[in-house]
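Please treat every number below as a calculation from the coordinates, not as lab data. Computed from a predicted model, the values in this text were never measured in an experiment. Methodologically, a virtual Cβ is constructed for each residue, glycine included, from the backbone with ideal geometry; neighbour enumeration extends over all protein chains shown.
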Amino acid sequence: MRDQMRVVVQGGGRRGRRAGLAGVLWGAAELAVTVGVVVLLLVVHQVWWTNRQALAAAHQQVRDLEREWALPSDPGSDPSTAPVPAASPSVSASGAPVASASAEPAPPAGAKAPPAQESAYGVLRIPRLGVVVPVAQGVDKRAVLDKGYVGHYPGTAQPGAEGNFALAGHRNTHGEPFRYINRLRAGDELIVDVRGQRYTYVVGKVLAETSERDTGVIAPVPRSTVRPEYGYGEPGAYITLTTCTPEYTSKYRLVVWGTMRR
């Protein structure tokens with residue numbers, strides 16, 4: 001009788017240990033599923049929801065600009081008459097420091113100054129991609145790029161001017177206006193509207209990959225300092241689009257260049 005009771009007690013101990021291990025494994029599985037769901041929700045928020053928000057806000061800004069331009073011109077409300085902002089360090093579409101250009105000289109007396117820093121003052125249209133996006137002064141990540149705008153690099157030329165009108169934009173998330181600029185080909189149009197003016201550029205060259213610190217790509221006469229076989233050799237009126245590559249990374253930069261149609 002005692003032996004039988006001893007066997008029963010030992011068997012119960014094994015079952016208890018097994019039940020305890022199963023409980024631990026079950027709890028770990030539940031925790032893993034919970035963490036996975038949280039991470040998935042964060043990804044959905046970052047990739048989908050913030051994208052929709054920024055895209056909607058950017059389209060609204062385009063409509064606001066177009067309504068403003070349709071009104072009688074008021075010199076006091078023209079952002080291009082604002083004081084010239086100090087040139088700030090250039091940054092990439094991901095917010096990391098990148099190529100910088102020398103500061104623009106003060107405009108001649110009577111000439112229009114650059115738009116106010118971080119304000120939207122133009123619209124970029126890329127017909128081939130169906131892109132219509134505001135252009136803002138500066139390339140600050142939070143104040144410009146994360147709003148779904150494209151940012152104008154400080155120190156580079158204004159639209160329609162001699163030199164290089166250089167722009168940065170997100171390739172992924174926050175409106176991702178430059179997601180598909182790798183699909184642009186020579187001859188595609190890049191149209192820039194500013195109050196009362198339209199400037200049409202024509203894509204000429206694409207640099208599929210270069211360093212984030214390739215300062216030459218936004219120079220007045222753009223030419224890669226990393227891959228000097230890419231770029232231009234003579235002064236002109238250029239446009240440059242820059243974004244991150246490969247997608248969902250910020251390791252390298254993708255560059256599209258165009259020249260203004262006369």
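Extending 7 Å from the Cα toward the beta-carbon at both Thr215 and Ala143 defines two label points whose distance is 2.3 nm. Between Glu234 and Ala57, the FRET efficiency from the beta-carbon distance, with R0 = 35 Å, is close to 0.35. Amide H contacts for Asp214 (H built 1.01 Å from N in the peptide plane; partners 5 or more residues away or on another chain; cut-off under 5 Å): Ala99.
What is the distance in Å between the Cα centres of the stretch 184-205 and the stretch 213-258? Distance between centres, Cα-based: 16 Å. Nearest 0.05, what FRET efficiency do Ala22 and Trp49 give at R0 = 25 Å with Cβ-Cβ as r? The formula returns an efficiency of 0.05 here. Between Asn182 and Thr225, what FRET efficiency comes out of the Förster formula 1/(1 + (r/R0)^6) with R0 = 25 Å and r the beta carbon distance, rounded to 0.05? FRET efficiency, Thr225 to Asn182: 0.75. Amide H to amide H, which residues 5 or more places from Val131 or on other chains are under 5 Å from it, using H placed in the peptide plane? When sequence neighbours closer than 5 places are left aside, the close amide H contacts are Ile126. Coupling constants for the stretch 217-223 follow from the phi torsions by the Karplus curve (6.51 cos²θ - 1.76 cosθ + 1.60, θ = phi - 60°), and in residue order they are 5, 10, 5, x, 10, x, 7 Hz; glycine and proline get x.
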